[in-house]
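Engineer: First the structure, then my questions, so here it is.
The values are calculated or read from the model by the stated rules, or taken from the named source; none is laboratory data. Computed from a prediction, not measured in an experiment: that's the story for all the values here. Because the Cβ atoms are built from the backbone with ideal geometry, glycine has one as well, and the counts that use them run over all protein chains shown.
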Amino acid sequence: MIAEFLEPLTPRAGNQARAILIDLFNHAAAKGLCPDIPAASTIPKIVKKQRKRHTLEGLKAIRDGSPRWLNDAIVLPLTEN
């Protein structure tokens, strides 16, 4: 039943809801209201984060409007050894 509830959610939302349900059932089990924790038997979804990289033009625009210390921090990884 819990797996059916979590299935339509996105991986991140499903994992967050699963964590809340586990906490909820832990409290209920501690009070003697339920014998087991059904949410713990569900499998968490794997969340793959999509990352976007800045373009060189975007970095230049950020660098032009930033203070010197941030400018140095942006340029440092771009320089070669």
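Engineer: Here are some conditions: (1) surrounded by 14 or more Cβ atoms within 10 Å (Cβ to Cβ); (2) on the phi > 0 side of the Ramachandran plot. Residue 2 meets all but one. Which one does it not meet?
Structural biologist: Exception for residue 2: condition (2).
Engineer: Moving on. Do we have residue 74 as assigned to a loop (DSSP other than H, G, I, E, B), within 28 Å of the chain's Cα centre (by Cα) and either under 30 Å from residue 9 (Cβ atoms) or outside the structural domain of residue 3 (by TED's automatic domain parsing) (or both) here?
Structural biologist: Spelling it out, it is not the case that residue 74 is assigned to a loop (DSSP other than H, G, I, E, B), within 28 Å of the chain's Cα centre (by Cα) and either under 30 Å from residue 9 (Cβ atoms) or outside the structural domain of residue 3 (by TED's automatic domain parsing) (or both).
Engineer: Something else: Suppose we keep only residues that are part of a loop (DSSP other than H, G, I, E, B) and in contact with a Ser or Thr (Cβ under 9 Å, 6 or more places away or on another chain) within the range 1-57. Which one would you say is nearest to residue 78 (Cα to Cα)?
Structural biologist: 47
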